[in-house]
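The values are calculated or read from the model by the stated rules, or taken from the named source; none is laboratory data. The structure presented is a predicted model; accordingly, all values stated were derived computationally and were not measured. No Cβ is skipped: glycine too gets one built from the backbone with ideal geometry, and neighbour counts run over all protein chains shown.
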Amino acid sequence: MGLDIRWPIGLMFTLIGALLTGYGLLKSDVSMSLGININLVWGVVLLVFGAAMVIGAMRGGAAKK
Amino acid sequence: MQPIQLQWIDYTILIAYVAFVLGIGWALARYMKTSADFLTSAHSIPTWVTGLAFISANLGALELVGMAASGAKYGIMTAHFYWVGAIPAMIFLAVFMMPFYYGSKARSVPEYLKMRFDERVRALNSVAFAVMTIFASGISMNALAKLLNQLLGWNYDLALWICSAVVLLYVLKGGLTSAIYTEVLQFFMIVLGFAPVVYLGLKDLGGWHAMNQSLQTVATHTVAPNGTQYAANAWTSAWQPLLAGSAHNPMGVDLFAMVFGLGFVLSFGYWCTNFLVVQRAMAAKNMAAARNTPLVAAVPKMIFPFLVIVPGMIAVALTSIPGKGYRIPPPVIAEQAYAEAVAVVKSASPANAAVAVTTIGIDLGKKVDSVKLTSLITDNAAKKLTDAQIKTGIYNSIAEYDYDGVILSLVKKYCPAGLLGLALTALLASFMSGMAGNVTAFNTVWTYDLYQAYFAPGRSDKHYFWAGKVTTVAGILLSIAAAYFASRYNNAMDIIQLVFGFVNAPLFATFLLGMFWKRTTGTGAFLGLFGGIASSALFHAVTTAGTNAPGVKGGYLAVLQTFPSEMAQNFWLAGFAFTVCFVLTLTISLATKSGKTDEELTGLVYSLTPKIKSTDLPFYAQPGVVGVVLLICCAVLNFIFW
């Protein structure tokens, strides 16, 4: 309906992914998460997911035209 | 449990989520031109979106919290709610029932009932649904506000009103479409927010196999309330404890109750008739999309047990391993009580430990582990421990569990700031999404099935569009009222939920007969449904469960049967009500005349509807075929966790 849902999903997760990645790089506190810098790792995962959604939305828009 | 301290990153994630959710509402506002746009999304949503919204509408925070709790209490057997219950029902809905819901062009489930039967059945269903859905919304919001209060120290009223305001804003702007979009957003938040917790928990235990071994050790050391010793696989096997009988599994149910009561009656009753979920499928673009919606939803639904049930099992395993510094949280106890207990420990000595232990148990008002307490007293006598250390020792010795606190306690344990914000926002998202889903379903049923049908028929569409907006506000306010009611009157809420159970149990019989037997009449359906509800109440009045005394939990007229557990009582009640409704509807239909001609029923009943020929779809994409494939996958899962 007008707004392709992939835009808000993609943008939000790209933003949150970037935030977490940045925070993970700044403060790598691995004491709680069993030695893994989970903010960094998961932040990157979210970034990739968000980017994939945004790319999907852009191609979806292009296909219509 | 102790409140969590949030850092700026956590608040940022939370604010980002709220901003996006409001933004979605604003962006959709320009597309809301008719009441159909606002209330039913006017058949415009792509399949993958309706599919994810379909399960998301059901996946509220109460489900997240509840499934983790059940996973801790019952182990992998909890997966039956998904693998025996939900999946077959969703497939049945997709293959057999969607053609009638969607093909009839009904705008809601009650409207389908009006077309198939008559106004009486529609009225009964829509009134019951409207009331139930508002209470469900209120329960959800009350749980959210309480959680924010306990966990983050936020003021209950503020939390309730602010969260409700956010929901109001985006639903008022974008209607059902807003709710659906945010439900999909919530789905991804939940998966991405909780997957790391499950991963870290399993890693901490040393893997899936190691977790199972811990659970087997727990099982062999646990004795059932009725005295039987559990087998080693009580937490790790889905079917064997069930087949062994109700005395041998922690849930206390037998095979028939599980398969017929839960698997058939309750699950089909919910997934196939509850407008909250069916509404999402009805919002699809076309018939094929509508039929595919539940099928698309079935795929993540099959995998969800690993996300929501496994945390409970992880918690049990972690608690049983001493070095992990984790225990399933005890019930909330006042600080005052802890302070008294600490004082007792400090003044006790190993000689009079037994007396001290009893005193502490009384101070706290809970059962305590005397071995742990005695060793704490001994430790304190040997080397003076700090107050904080003593308090921790007491905390660890409490032998009662607040299972609802499991998922949050795991989040607290493994999530550093950042990921913590993500997980908490996911939880918040699912509560708010629950309210939005319930309010949009209420909105459609009230505006079309009650207001337009009985109070103000024949007005312009603009009027009903306006009515829809007013109802949104009213729905939110009523939900808030229901939330306050839930927070004040715990017992009353239990009664209300009981009544809803009575109403839901016989429902599927009505739909089954209505859709597949053209001879079913309006009178038969109405009286059958009524009789079914009455029989639920009667069944409940003459049975009890476990050690419950007669009263709110049942058996207040007489006790003809006692079930091993409340779940067992519930499942048998469902089976009984379904059967009564089925038999009544059938016999009364045979004795009465239908008010509808065959022509009027075309497209509403199986025998009078042309079979859908999906010739433009390849064989493997036909709903029936996809359904069979999904059932096979589900069977494989059941087999793996046999």
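What is the number of the single condition among (1) among the small types (Gly, Ala, Ser); (2) away from chain A (no Cβ under 14 Å); (3) in a helix (DSSP H, G or I) that B:Gly458 does not meet?
(3)
Would you pick out the residues in segment A:36-64 that are in a helix (DSSP H, G or I) and within 10 Å of chain B (Cβ to nearest Cβ)?
Hits for segment A:36-64 are A:Ile38, A:Asn39, A:Leu40, A:Val41, A:Trp42, A:Gly43, A:Val45, A:Leu46, A:Phe49, A:Gly50, A:Met53, A:Gly60.
In segment B:165-190, which residue that is facing chain A (nearest Cβ under 10 Å) and of a type in the set (Val, Ile, Thr) is farthest from B:Gln240 (Cα to Cα)?
Here the answer is B:Thr177.
Which residues, taken from segment B:161-176, are surrounded by fewer than 24 Cβ atoms within 10 Å (Cβ to Cβ) and either in contact (Cβ under 8 Å) with a residue 24 or more places away in the chain or touching a strand residue (DSSP E or B) at 6+ places or on another chain (Cβ under 7 Å) (or both)? Can you show your working first?
First, the residues of segment B:161-176 that are surrounded by fewer than 24 Cβ atoms within 10 Å (Cβ to Cβ): B:161-166, B:168-169, B:172-173.
Within segment B:161-176, B:Trp161, B:Cys163, B:Ser164, B:Val166, B:Leu168, B:Leu169, B:Leu172, B:Lys173 qualify.
Out of the residues in segment B:315-357 meeting the condition of being among the β-branched types (Val, Ile, Thr) and touching a strand residue (DSSP E or B) at 6+ places or on another chain (Cβ under 9 Å), tell me which one is surrounded by the fewest Cβ atoms within 10 Å (Cβ to Cβ). Quick ask: steps written out before the conclusion?
First pass over segment B:315-357, keeping only residues among the β-branched types (Val, Ile, Thr): B:316, B:319, B:321, B:328, B:332-333, B:342, B:344-345, B:355, B:357.
From what's left, touching a strand residue (DSSP E or B) at 6+ places or on another chain (Cβ under 9 Å): B:333, B:357.
On the way: B:Ile333: 18, B:Val357: 23.
Taking the candidates together, the pick is B:Ile333.
A quick yes/no check of all residues on (1) within 7 Å of another protein chain (Cβ to nearest Cβ); (2) at pLDDT 90 or above; (3) touching an Asp or Glu at 6+ places or on another chain (Cβ under 7 Å):
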| position | (1), (2), (3) |
| --- | --- |
| B:Met1 | no, no, no |
| B:Ile13 | yes, yes, no |
| B:Ala19 | no, yes, no |
| B:Met32 | no, no, no |
| B:Ser41 | yes, no, no |
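Checking the conditions here, which among B:Ala483, B:Ala525 is surrounded by 23 or more Cβ atoms within 10 Å (Cβ to Cβ), over 30 Å from B:Leu601 (Cα atoms), touching a residue at least 24 places away in the same chain (Cβ under 8 Å) and out of contact with any Pro (no Cβ under 7 Å at 6 or more places or on another chain)? Spell out the reasoning first.
Working: B:Ala525 fails: over 30 Å from B:Leu601 (Cα atoms).
Exactly one residue qualifies, and that residue is B:Ala483.
To keep it simple, each residue is scored yes or no on (1) buried (at least 22 other Cβ atoms within 10 Å of the Cβ); (2) at pLDDT below 85; (3) not assigned by TED's automatic domain parsing to the domain that holds B:Gly575.
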{"position": "B:Trp208", "(1), (2), (3)": "no, no, yes"}
{"position": "B:Gln213", "(1), (2), (3)": "no, no, yes"}
{"position": "B:Val223", "(1), (2), (3)": "no, yes, yes"}
{"position": "B:Trp235", "(1), (2), (3)": "yes, no, yes"}
{"position": "B:Trp239", "(1), (2), (3)": "no, no, yes"}
{"position": "B:Leu243", "(1), (2), (3)": "no, no, yes"}
{"position": "B:Ala247", "(1), (2), (3)": "no, yes, yes"}
{"position": "B:Phe256", "(1), (2), (3)": "no, no, yes"}
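Go through (1) of a type in the set (Gly, Ala, Ser); (2) in contact with an Asp or Glu (Cβ under 9 Å, 6 or more places away or on another chain); (3) within 9 Å of chain B (Cβ to nearest Cβ) and name the single condition A:Ser33 misses.
(2)
Considering only residues that are closer than 13 Å to B:Tyr270 by Cβ and part of a helix (DSSP H, G or I), which ones fall in segment B:500-530?
Listed by number, the residues that qualify are B:Phe500, B:Gly501, B:Val503, B:Asn504, B:Leu507, B:Phe508, B:Phe511.
I'd like the residue in segment A:1-30 that is more than 8 Å from chain B (Cβ to nearest Cβ) and of a type in the set (Gly, Ala, Ser) and, out of all such residues, is surrounded by the fewest Cβ atoms within 10 Å (Cβ to Cβ).
In this case the residue turns out to be A:Ser28.
Consider only pairs whose beta carbons are under 9 Å apart and that are at least six residues apart or on different chains; among these, list those whose first residue lies in segment B:177-205 and is closer than 16 Å to B:Val65 by Cα and whose second residue is not in a helix (DSSP H, G or I).
Sorted first by the residue in segment B:177-205, then by its partner, the pairs are B:Gln186/B:Leu59; B:Phe187/B:Leu59; B:Ile190/B:Leu59; B:Val197/B:Cys415.
Mind checking whether some residue in segment B:445-460 is of a type outside the set (Gly, Ala, Ser) and over 20 Å from B:Glu111 (Cα atoms)?
No, every residue in segment B:445-460 fails to be of a type outside the set (Gly, Ala, Ser) and over 20 Å from B:Glu111 (Cα atoms).
So, A:Met53, is that one at pLDDT below 90 and touching a Phe, Trp or Tyr at 6+ places or on another chain (Cβ under 8 Å) or not?
Answer is no for this residue.
Quick grid of which residues meet (1) in the same structural domain as B:Arg120 (by TED's automatic domain parsing); (2) under 26 Å from the mean Cα position of the chain (by Cα); (3) within 18 Å of B:Gln497 (Cα to Cα):
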site	(1), (2), (3)
B:Leu512	no, yes, no
B:Thr521	no, no, no
B:Leu527	no, no, no
B:Ala537	no, yes, yes
B:Pro550	no, no, yes
B:Phe563	no, yes, no
B:Ala568	no, yes, yes
B:Phe571	no, yes, yes
B:Leu590	no, no, no
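Got a sec? Which helices (runs of 4 or more DSSP H) wholly within segment B:539-642 have at least 3 residues that are of a type in the set (S, T, N, Q) and surrounded by 13 or more Cβ atoms within 10 Å (Cβ to Cβ)?
B:566-591
Test B:Leu586 against the criterion of being modelled with pLDDT of 85 or more and in contact with a Gly (Cβ under 9 Å, 6 or more places away or on another chain), and give yes or no.
yes
Going by the structure shown, is B:Lys413 within 14 Å of chain A (Cβ to nearest Cβ), crowded, with 17+ Cβ neighbours inside 10 Å and either assigned to a helix (DSSP H, G or I) or of a type in the set (A, V, I, L, M, F, W, C) (or both)? Please lay out each step first, then the result.
Details: within 14 Å of chain A (Cβ to nearest Cβ): yes; crowded, with 17+ Cβ neighbours inside 10 Å: yes; either assigned to a helix (DSSP H, G or I) or of a type in the set (A, V, I, L, M, F, W, C) (or both): yes.
Answer is yes for this residue.
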